[in-house]
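Some notes on the structure that comes next.
The values are calculated or read from the model by the stated rules, or taken from the named source; none is laboratory data. Owing to the predicted nature of the structure, the values given are computational and were not obtained by experimental measurement. For neighbour counting, all protein chains shown are included, and Cβ atoms are generated from backbone atoms with ideal geometry for every residue, glycine included. The accessibility values were calculated without ligands, DNA or RNA, using every heavy atom of the protein model including side chains. Shrake-Rupley method; radii C 1.70, N 1.55, O 1.52, S 1.80 Å.
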Amino acid sequence: MGSRKQDSSIARKEANKDVVKASLNDCPSSPRKMRLVADIIRGEQVDKALYILKYSKKEASNKLEKLLLSAMANWQTKNEGADIEEANLIVKEIFVDSARQLKRLRPAPQGRGHRIRKRSNHVTLILGNKEN
């Protein structure tokens, strides 16, 4: 009974070698602006996604490029000795969630105050093989 449980955990670990995750928490940029860039690279191959992010004019692309490089480093750590070019890695999932908001007051005419919401977001990036 114990060996069957051990075999299933080994099989799960082998399947999880192909899938790696990297996350970026409390990034000080609006989730809406980050989603614009995230939608562009979803489903793309890793080298093409890096190319897109490197030459994009959006500020969010710099942060996502760093996150993608981190996910690739995580894959290298999980798969010792394997070549990243031969792995056919793609951006399997990428999603942007809203995080906390900093609320500030900006002075307005006639003694009023307008509320300024400084938004931030969480980004999660999952790399996987093309076959899976």
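Here are some notes:
- Cβ-Cβ distances below 6 Å connect the following pairs, each with a first residue in the range 76-102 that is on the phi > 0 side of the Ramachandran plot, a second residue that is open to solvent by 80 Å² or more (accessible area, probe 1.4 Å) and not acidic (Asp, Glu), and a separation of six or more residues or different chains: Asn88/Lys130.
- Scanning the range 63-86 for residues that are closer than 29 Å to Asp18 by Cβ and touching a Gly at 6+ places or on another chain (Cβ under 8 Å) turns up nothing.
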